[in-house]
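The values are calculated or read from the model by the stated rules, or taken from the named source; none is laboratory data. Computed from a predicted structure; not experimentally measured. Cβ placement follows ideal geometry from the backbone for every residue including glycine, while neighbour counts extend to all protein chains displayed.
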């Protein structure tokens, strides 16, 4: 149910020879058991339609699941570490280029129960003081804040309203530079302690090496703790999270763990979740993602349908995305540059047909990539198009049929996926 790897991207010496992608060096350092499927594209479009309708595979060794047990609510690493006015669940994420980043955090306390009263986002400021590491924090940025609700139209299911989620965009940053920052509301005062992050290098053919931690299906288990410890010890420049984040949907609204789709109302489209798992996950991840930028894409466990057919509300609210800067109208697909790499993040659980907004955006984005500036082109989405795992075999075939030709046309170098929770 978890996977992680660190990729070192080095200078690419040549791009295309006789229609084939030529890749100079990729060093893939596996942190634990790598459960991400990735593919180097060498031309000639393969297709699962040419293969068997049933996978030729090896049964999963269940002994590998030995430590996939969720951390309990009482674990001190997921408890609220500060009072309600102080920032918690602090994270950094990238904007479209090195010149700006997002700082996100939460204040206030979530509520869960039959009767909930959402907090007022305007009751507390969203401010970040920042500056080059070792210098005074002379720069200031303000942002926006919000709360979200997870509501269920059935008696007996507990509703949820989040704390106040803050997103502030820092601008005017220098490339490849260490910055320090504090976030919060200076009028209370309620500011965080000092944190730091490093900006990405200027995009270009010599913007290497980059150390990128790629992780999917992370959850909040005892295995998660090992994975995060390994990532921290490897000092990545960027964390790429390829979906299935905290698995709040494997719980009933009362916090009881369950693997059934909707144990209380099995004939309805409502899927129970225990939203505090998102808060626990944010607290646990803070030591890493308050310093290292994290870029996420949605997985199937982020769908979380609720009242009035709303979906993906927690995912879309808790993360900051460079959607607008990458000319996307959605949090489900976007792109960004990190050094010499152009990343494309795709949504597998919204429309992707050739007439969809996502497909049109993808073709525009790919067509605008300058391979002299970003020689590496990396695409990411949650479910793999190619896998022999029986539980998900050919599950994303429709998406593959709709989009794969574009990835070959524009010579995408690497694809990262998660989802197939087995040994590949």
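Quick one: is residue 412 modelled with pLDDT of 95 or more, in a loop (DSSP other than H, G, I, E, B) and surrounded by 18 or more Cβ atoms within 10 Å (Cβ to Cβ)? In short, yes.
Take residue 380 and tell me if it is over 30 Å from residue 151 (Cβ atoms) and in contact with a strand residue (DSSP E or B) (Cβ under 6 Å, 6 or more places away or on another chain). The answer is yes for residue 380. Here residue 358 clears all of (1) buried (at least 23 other Cβ atoms within 10 Å of the Cβ); (2) farther than 30 Å from residue 83 by Cβ except the condition numbered (1). Under the condition of being over 24 Å from residue 211 (Cα atoms) and either surrounded by fewer than 19 Cβ atoms within 10 Å (Cβ to Cβ) or more than 23 Å from the chain's Cα centre (by Cα) (or both), the residues counted in the stretch 364-385 number 3. In the stretch 180-191, the residues that are on the phi > 0 side of the Ramachandran plot and at pLDDT 95 or above reach residues that are crowded, with 18+ Cβ neighbours inside 10 Å and assigned to a loop (DSSP other than H, G, I, E, B) with C-beta atoms within less than 6 angstrom, at least six apart or across chains, in these pairs: 184/87; 184/192. Residues of the stretch 416-424 include at least one that is part of a strand (DSSP E or B) and either touching a helix residue (DSSP H, G or I) at 6+ places or on another chain (Cβ under 9 Å) or on the phi < 0 side of the Ramachandran plot (or both). Of all residues in the stretch 143-165, those being outside any strand (DSSP E or B) and either touching a helix residue (DSSP H, G or I) at 6+ places or on another chain (Cβ under 8 Å) or under 15 Å from residue 276 (Cβ atoms) (or both) number 9.
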